[in-house]
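Here the structure is laid out as structure tokens; the discussion comes afterwards.
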Amino acid sequence: MEMNSELPPFDEESGDLNAVIDTPKGSRNKYKLDEQRKVYRLSGVLPTGAVFPFDFGFVPSTLGGDGDPIDVLILMDEAAFTGCVVPSRLIGVLEASQSQHGKSQDNHRLIAVATASHQFKDIEELDQVGKNVVDEIEHFFVSYNAISGKRFEVRRRSGPERARKIVDEAIKRATAKGALRAEERPAQHAVAQHSEPHVRAPAAPESERAPRASKPTRARPPDQQGYTKRFGGPR
């Protein structure tokens, strides 16, 4: 289930964006992929009446400004399921920053349309989505982060070209991090070898071993034989 490192961000044949669904549309529960344990875990629950407006997930083999795979919201007819890979096309991005405890970082929200969608099949750019819908999406992310004590501020709404550039930058960050990890592995291996305990040399073959000293024979008392014959054995 190591989707973020094994699945490419774009399909090699179709060129579609590979979007991995974390949380389905209409869910109050927020799910997140735990890469170390290779399972999905519950990371939060929205208040009563609040649900995810569309399927929400991430683009694999990318790294956003917050250190996680870059997020993506998928417009499609029906909700998918957690872990589902949805071929999609980028239509835009909400360029945003997220701040908490005085620290701020980029945390953009890509917007894409499922390639197989009927309801949104004619939408190619974010401007073609109704303004009210985009306003509601933006408000959802603002209020969702506020619940966690974070401030989410959308700086700009951009089209598919800008969205693709942000994905490309996220791919470069993930590639650089992967290369760094690859460089660290040989060094860690060398340290492990250097710290291995001394291994005892194997025992010599039987033919080369020194002969064992024979046990000394216990001498019998001088008169034991005569005593046995005369009196029938020791008392």
**Net charge of neighbours whose Cβ lies under 15 Å from the Cβ of Gln100, counting Lys and Arg as +1 and Asp and Glu as -1** = -1
**Request:** Would you please give the FRET efficiency between Asp68 and Asp11, computed as 1/(1 + (r/R0)^6) with r the Cβ-Cβ distance and R0 = 22 Å, to the nearest 0.05?
**Result:** 0.50
**Message:** Tell me whether the stretch 1-132 comes out rounded, prolate or oblate; compute the Cα gyration tensor, take square roots of the eigenvalues as a ≥ b ≥ c, and use a/c under 1.5 as the rounded threshold.
**Reply:** rounded
**Request:** Provide the packing ranking of 76-86, 37-47, i.e. peptides ordered by the mean count of other C-beta atoms within 10 Å per residue, highest first.
**Result:** 76-86, 37-47
**Complete:** With all protein chains present, the stretch 1-136 has a carbon and sulfur share of its accessible area (1.4 Å probe) in percent of 48
**Request:** Apply 1/(1 + (r/R0)^6) to the Cβ-Cβ distance of Gln119 and Ala179, taking R0 = 35 Å, and write down the FRET efficiency to the nearest 0.05.
**Result:** 0.30
**Prompt:** In nm, what is the difference between 0.36 nm times the number of residues separating Lys103 and Asp168 and their Cα-Cα distance?
**Reply:** 20.9 nm
**Item:** In range of the label at Ile147: residues from the stretch 79-113 whose backbone nitrogen is under 12 Å from the point 7 Å along Cα→Cβ
**Value:** none
**Fill in**
Too long for a 23 Å Cα-Cα cut-off, among Lys38/Lys150; Lys103/Lys131; Lys32/Lys150, are Lys38/Lys150; Lys103/Lys131
**Message:** Please report the net charge: other residues with Cβ closer than 11 Å to the Cβ of Asp55, K and R +1, D and E -1.
**Reply:** -2
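The values are calculated or read from the model by the stated rules, or taken from the named source; none is laboratory data. Please read all numbers here as calculations on a predicted model, not as lab measurements. Positions of Cβ are backbone-derived with ideal geometry, glycine not excepted, and every protein chain shown enters the neighbour counts. Areas reflect the complete protein model, heavy atoms only, side chains present, ligands, DNA and RNA absent. Shrake-Rupley method; radii C 1.70, N 1.55, O 1.52, S 1.80 Å.
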